[in-house]
Amino acid sequence: MIGYTSRKSGAGVLLFIVVLLLSVCLGFFLQKVAHYSLLNMEQLCEVQSVASLPDVKLGIGPITIPDSLKRSQVATRQHGNQYEFSEFNRWAGVLEKDITSVLGDNLGQLLGVEKIGFFPWMHHFKPTYRVIVDVLRLDGAIDGEAVFSVRWAISDADGKDFLAGKKSVYRQPLEDASYAALIKAESQLVAELSKEIAGELAVLVK
C-alpha cells in the first residue's frame with residue numbers, strides 16, 4: 001500500500017511539472033512580437049527649417065553600425081558592456097537602412113533639399129555634398145535613457161575632401177519604461193544628429 005501511494009504521488013508531481021512546463025512554453029510562443037522603426041522629425045512633430053537649399057544635391061551614406069546592432073532584436077544596455085536583445089521587440093527592417101532613410105528625411109526637411117540620394121546611388125546622381133555616418137552606439141536602458149554615439153562627416157561628392165565633422169554623443173531620457181518609449185527617444189537622438197549636420201551644411205553653402 002505504501003509503495004503504491006508513493007508511486008501515485010510521484011506520478012502526480014511529474015504530471016504537474018509537465019503541465020507547468022507546457023504552460024510556460026505556450027505562453028512564450030503566444031506572446032506577441034512588437035516591430036518598430038525609427039521616426040522621422042515629421043512623425044515626431046518636430047517640424048522646423050534651418051535653411052532653404054533647393055539647388056543642393058545631398059548624398060547620404062554610407063551609414064555603418066556595429067556588428068552588435070546587425071540583428072533584428074532591439075538592444076538595451078544592462079551594466080557596462082552587457083547587452084540584452086529582446087525576442088519580443090524587434091526592428092521592422094534593417095537598422096542601417098532605417099537610420100539612412102530617417103536621416104535623409106530629416107535633412108530634406110531641415111534644409112529644403114529635394115534631391116537626395118542614398119549610397120550607393122545611381123551613376124547619374126552626383127551629390128553636391130556627401131554625409132557619412134559611423135554609428136558607435138545606439139541603445140539605452142528601459143528605466144533610464146537612450147544613447148546615440150556617432151562619428152559623422154560632410155565631404156565633397158567623391159568623399160575625398162573633408163569639409164566638416166566630429167564625434168557626437170546624444171542622450172535622451174525615456175518618457176516611460178517601455179520599448180516604444182526607447183524607440184521614440186532613439187528617434188529624437190537621430191533628429192538631434194540631423195540638426196547638427198544641417199547646421200554645418202547651411203554654413204558650408206553660404
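The values are calculated or read from the model by the stated rules, or taken from the named source; none is laboratory data. The model shown is predicted, which means the values in this text are computed figures rather than measured ones. Don't worry about glycine lacking a Cβ; one is built from the backbone with ideal geometry, like all the others, and counts go over all protein chains shown.
Brief remarks follow.
- Annotation note: of Leu189, Leu201, the sole residue that is within 15 Å of the chain's Cα centre (by Cα) and either outside the structural domain of Leu110 (by TED's automatic domain parsing) or touching a residue at least 24 places away in the same chain (Cβ under 8 Å) (or both) is Leu189.
- Residue list for the range 75-126, filter: small (Gly, Ala, Ser) and over 18 Å from the mean Cα position of the chain (by Cα): Gly80, Gly108, Gly112, Gly117
- Flag for Pro173 being at pLDDT below 95 and surrounded by fewer than 17 Cβ atoms within 10 Å (Cβ to Cβ): no
- Any hit, the range 16-36, residues being farther than 22 Å from Leu110 by Cβ, in a helix (DSSP H, G or I) and modelled with pLDDT of 80 or more: no
- Taking the criterion of being touching a strand residue (DSSP E or B) at 6+ places or on another chain (Cβ under 8 Å) and in contact (Cβ under 8 Å) with a residue 40 or more places away in the chain, the residues of the range 152-186 that qualify are Trp152, Ile154, Ala157, Leu163, Ala164, Tyr179, Ala180, Leu182, Ile183, Ala185, Glu186.
- Residue that is surrounded by fewer than 16 Cβ atoms within 10 Å (Cβ to Cβ) and at pLDDT 95 or above, where the choices are Val94, Val205, Val135: Val94
- When every residue of the range 83-99 is checked against the conditions, none turns out to be touching a residue at least 24 places away in the same chain (Cβ under 8 Å), closer than 22 Å to Thr64 by Cβ and in contact with a Gly (Cβ under 6 Å, 6 or more places away or on another chain).
- Per the conditions (1) at pLDDT 95 or above; (2) in contact with a Pro (Cβ under 9 Å, 6 or more places away or on another chain), the sole criterion not satisfied by Trp121 is (1).
- Sole exception among (1) in a loop (DSSP other than H, G, I, E, B); (2) under 16 Å from Leu182 (Cα atoms) for Asp98, by number: (1)
- Residue satisfying all of: in the range 42-76; hydroxyl-bearing (Ser, Thr, Tyr) and part of a loop (DSSP other than H, G, I, E, B); surrounded by the most Cβ atoms within 10 Å (Cβ to Cβ) among these: Ser72
- In summary, Ala185 fulfils each of the numbered conditions (1) more than 24 Å from Phe125 (Cβ to Cβ); (2) modelled with pLDDT under 95 with the single exception of condition (2).
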